[in-house]
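Asker: Please read through the structure below; I'll follow up with questions.
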Amino acid sequence: QLEYLDISSNMLFDTIPSQMGLLTRLAVLNLKANQLSGTIPTELGQLTQLRTLQLSSNKLSGTIPVQIGSNVQLQELALYSNAFTGTIPKLFGTLKNLQKLYWEYNQLQGTIPSDIGIPQEM
């Protein structure tokens, strides 16, 4: 089954298909620099092997789904240059493997989870 999907820097439009949540062995999903719109499908939270989620430079909007924050394997999350609103879900504090986080150029508000990216003690 597919483990790496990079279709960045194209002219893809419409929404991100919720069926991408069925690609359960996916480790990298890169849809950067397209014309994708709508919200992030909550089904992407089912990608438990995902280490890189790159959705930057699109026309995505709405809130960041809490389900994305339940993926403890995530190492890189890039959502910059979209139109996301709302707050950063507190569940993002559980992303202990997170190494790179890019959220600039959105319309997020509120507070940053105080324990985001802090490694769990053994």
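The values are calculated or read from the model by the stated rules, or taken from the named source; none is laboratory data. Predicted, not measured: the structure shown is a model, and the values here were computed from it. All Cβ positions, glycine included, derive from the backbone under ideal geometry; neighbour counts span all protein chains shown. We work out accessible area using only protein heavy atoms, side chains counted, and drop any ligands, DNA or RNA first. Shrake-Rupley method; radii C 1.70, N 1.55, O 1.52, S 1.80 Å.
Asker: From the phi of every residue in the stretch 99-115, what ³J(HN,Hα) in whole Hz does the Karplus formula 6.51 cos²θ - 1.76 cosθ + 1.60 yield, where θ is phi - 60° and glycine or proline is x?
Answerer: With coefficients 6.51, -1.76 and 1.60, one gets 10, 9, 9, 10, 10, 5, 6, 10, 10, 6, 8, x, 10, 8, x, 5, 9 Hz.
Asker: Around Thr87, which amide H atoms from residues at least 5 apart in sequence, or from another chain, sit under 5 Å from its own amide H, with H modelled in the peptide plane?
Answerer: When sequence neighbours closer than 5 places are left aside, the close amide H contacts are Gln109.
Asker: Extension gain Leu91-Asp14, at 0.36 nm per residue separation less the Cα-Cα distance, in nm?
Answerer: Taking 0.36 nm per residue and subtracting the Cα distance, the gain is 24.9 nm.
Asker: When the accessible area of the chain is split by element with a 1.4 Å probe, what percent falls to carbon and sulfur?
Answerer: Whole-percent figure for carbon plus sulfur exposure: 53.
Asker: Report, in whole Å, the centroid distance computed from the Cα atoms of the stretch 45-122 and the stretch 1-21.
Answerer: 18 Å
Asker: If I model a spin label as a point 7 Å beyond the Cα along the Cα-Cβ vector, how far apart are those points for Gln49 and Ser37 in nm?
Answerer: Inter-label distance under the simple model: 3.4 nm.
Asker: Would you mind working out the accessible area per residue for the chain, using a 1.4 Å probe, and quoting it in Å²?
Answerer: The answer is 55 Å² per residue.
Asker: For the stretch 1-88, what is the percent of antiparallel DSSP beta bridges, rounded to the nearest 5?
Answerer: Taking every DSSP beta bridge within the stretch 1-88, about 0 percent pair in antiparallel fashion.
Asker: Quick check: residue separation of Leu2 and Tyr105 times 0.36 nm, minus the Cα distance between them. What number comes out in nm?
Answerer: 34.0 nm
Asker: Still on this structure, please answer the following. Amide H to amide H under 5 Å from Leu36: which residues, 5+ apart in sequence or cross-chain, H placed 1.01 Å off N in plane?
Answerer: Lys59
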